[in-house]
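Report on the following structure.
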Amino acid sequence: MGVIKRKLYVANLPPGIPIDKVYEKISSTIRSGYAEISIRGGRVYIEIVGTEFEIKDSWYRVRQALADLWELYRLRTRREASIEAIVKEAGRTFPPEALVYALELRGYEARLSDDKSLLYTTAPPEEVITTARKIADAIDQLKYRVRGSAAKRMIAAIAAGLDVDVEHVIEYGLRSRVLEETEDGIILREEWRRGLRKIAVMLKGAQTPG
């Protein structure tokens, strides 16, 4: 067993992040036997007790967690964040393009950088994370029923964007002949973005009273 040491680290925190979220995020990254975390004056103080390896490993993970929090702050203030940070916060993977179209269906502006690593959107961070999770959930439901990543991406984006069940989206997709039922499963009959617009228009019309 290595020599037990104690080390104090201090880092700046992004404004506006709830304190309980900071505690939860940082405490989950600590890999040593003991640590004390305190927050005051916009800074977090982390005292880590453990072997040199445990301390270094924990501090590396803490820095990553803090970087994720700063990404969420950037999303709130500059309307941009990395897809990687959104994946970490959502705890799920999802197709970035589906997130863009879902957010647009929810009334926000959204687009990806050319390399698809950054999201630019007017949606608040909470809305982005919730929508990303809804997309991931929808794709899970489609796993064995729908063939092809484009079809799944389209259905998930509509379901998350309009808050409707995937079965409802499939029903309208089949009715509009954007989707087709085959022996191997449901397939997409046209370009997914065009199909998305067709189904979304139909669903919005069905949701409008009168």
* Asked: For the chain, what is the accessible area per residue in Å² when the probe is 1.4 Å?
  -> 54 Å²
* **Two-decimal Rg to Rh for the chain - Kirkwood Rh, Cα set** => 1.12
* Taking a 26 Å limit on the Cα-Cα distance, which of the listed pairs 88/204; 21/116; 25/134 fall beyond it? -> 88/204; 21/116
* Structure fact -> If R0 = 30 Å, then residue 114 and residue 198, at their Cβ-Cβ distance, give a FRET efficiency to the nearest 0.05 of 0.65
* To do: Note the angle between two axes, namely the Cα long axis of helix 192-207 and the longest principal axis of the Cα atoms of the chain, as a number of degrees from 0 to 90, rounded to the nearest 10.
  => 80 degrees
* Structure fact -> Share of accessible surface on carbon and sulfur in segment 80-207, whole %, 1.4 Å probe and ligands ignored, is 46 percent
* Asked: Which order do 68, 163 take when ranked by solvent-accessible area (1.4 Å probe, heavy atoms of all protein chains), largest first?
  -> 163, 68
* Any idea what angle helix 52-78 forms with the longest principal axis of the chain, computed on alpha-carbon atoms, 0 to 90 degrees, nearest 10? -> 50 degrees
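Output the peptides 46-59, 105-118 sorted from most to least packed, where packing is the average of other Cβ atoms within 10 Å over each peptide's residues.
Values: 46-59: 18.0, 105-118: 14.0.
Listed from highest to lowest mean packing, they are 46-59, 105-118.
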* With θ set to phi - 60° and the Karplus curve 6.51 cos²θ - 1.76 cosθ + 1.60, what are the ³J(HN,Hα) couplings of segment 112-127 in order, to the nearest whole Hz, using x for Gly and Pro? -> 9, 5, 4, 8, 6, 9, 10, 10, 10, 7, 8, 6, x, x, 4, 5
* Reach of residue 5 by Cα under 14 Å, taken over aspartates and glutamates that are not fewer than 8 positions away in the same chain -> 36, 47, 52, 54, 57
* Structure fact -> Ranking 154, 202 from most to least accessible area with a 1.4 Å probe gives 202, 154
* Asked: So how much accessible area does residue 172 have, in Å² to the nearest 10, using a 1.4 Å probe?
  -> 30 Å²
* **Per DSSP, loop GluC sites (Glu not before Pro) in segment 144-187 with at most 15 further Cβ within 10 Å** => 183
* R0 = 41 Å: FRET efficiency of residue 7 with residue 147, Cβ-based, nearest 0.05? -> 0.15
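The values are calculated or read from the model by the stated rules, or taken from the named source; none is laboratory data. A quick note: this is a predicted structure, and the numbers were derived from the prediction, not measured. A quick note on method: Cβ atoms are made from the backbone with ideal geometry, for glycine too, and the neighbour counts reach across all protein chains shown. Accessible surface is based on the protein model in full, side chains and every heavy atom, while ligands, DNA and RNA are left aside. Shrake-Rupley method; radii C 1.70, N 1.55, O 1.52, S 1.80 Å.
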